[in-house]
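What follows is a short report on a single structure.
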Amino acid sequence: SSAISSIFEDSRGNVWVGTEGGLCMYSAETGTFVSINTIGQDEDRIDTKVGCIREDGDGLVWFSVKSKGLWSYDPRTGSFRQYLRDMDSGGGAPKINSFVIDGNGSFVISLYCGGLLFCRDDFRSVEPLEIPGFDFGTDNIPQLLSDGRNCVYGCSTGYGLCEIFPYTRKANVLFPIGRGVQPNGLCMDRSRTLWMATSRGLYAFS
């Protein structure tokens, strides 16, 4: 598909391009787009929208795939593996907005109007991330960002820019936004200033 939904450069300089119809990769070594076989277990494939792409500390590249959960790619073996395929009440994959991976290999995942998940021990432990005083369960958090330690930042429709501490189950609102403002994305620059894109402009927090 030519409709691009996500883009990510891995530590080897390859550029992964998520589209509305699957995944492709631009090779830093050859300077060309490379066809890759995205087949996973049970003969399933990445052939729907790829929404979020990240890399973990072991060099595995991870993808959220519409209606098909979370996938990993191991560049050493060229193999894909699929996770979170059968989680919701209908027996399907959760609707993932965004995810981050911390230094322990644990995942914090935001679901479309469905709160947060905390996944540990290679997905043997998957539980809702409930924060006292915050109703993230009915909120929408389009994007998460990790600081590389034990803090996760999220742009929340209900609360604005938040910092979340998954291990201690605490959170703080860093910058509230008004009603009717839709947050869309986050990034952190080299000075550690957080930038939040919204439907009514760009906000910076430092």
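So here's what we get for this one:
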quantity	calculated
Net charge of neighbours whose Cβ lies under 14 Å from the Cβ of GLU20, counting Lys and Arg as +1 and Asp and Glu as -1	+2
Pairwise Lys count, the chain - Cα closer than 16 Å, eight or more residues apart or different chains	5
Region 1-75: GluC sites (Glu not before Pro) in DSSP coil with no more than 14 other Cβ atoms inside 10 Å	GLU20, GLU29
Largest to smallest accessible area among CYS24, CYS155 [probe 1.4 Å]	CYS24, CYS155
Filtered trypsin sites (Lys or Arg not before Pro), region 103-173: DSSP coil and at most 12 other beta carbons within 10 Å	ARG124, ARG149
Karplus (6.51, -1.76, 1.60) ³J(HN,Hα), θ = phi - 60°, over region 160-170, in Hz, Gly and Pro reported as x	x, 7, 10, 10, 10, 10, x, 6, 9, 6, 10
Volume of the Cα convex hull of the chain, divided per residue and given in Å³	138 Å³
Neighbour cut-off at most 10 other Cβ (10 Å), DSSP loop, trypsin sites (Lys or Arg not before Pro), region 1-110	ARG76
For GLY160, residues with placed amide H under 5 Å, excluding near neighbours	ILE177
Alpha-carbon centroids, region 167-181 and region 40-67: separation in whole Å	28 Å
Net charge of Cβ neighbours under 12 Å - reference TYR159; Lys, Arg +1; Asp, Glu -1	-2
Relative contact order of the chain, pairs being alpha-carbon contacts under 8 Å that are 6 or more residues apart, as %	10 percent
Carbon and sulfur %, accessible surface of the chain computed with the full protein complex present, 1.4 Å	48 percent
Accessible surface, region 65-129, averaged per residue in Å² (probe 1.4 Å)	47 Å²
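The values are calculated or read from the model by the stated rules, or taken from the named source; none is laboratory data. The structure displayed is predicted, hence computed values, not measured ones. When we count neighbours, we look across all protein chains shown, and the Cβ atoms used for this are built from the backbone with ideal geometry, even at glycine. Ligands, DNA and RNA are excluded from the accessible area calculation, which covers all protein heavy atoms including side chains. Shrake-Rupley method; radii C 1.70, N 1.55, O 1.52, S 1.80 Å.
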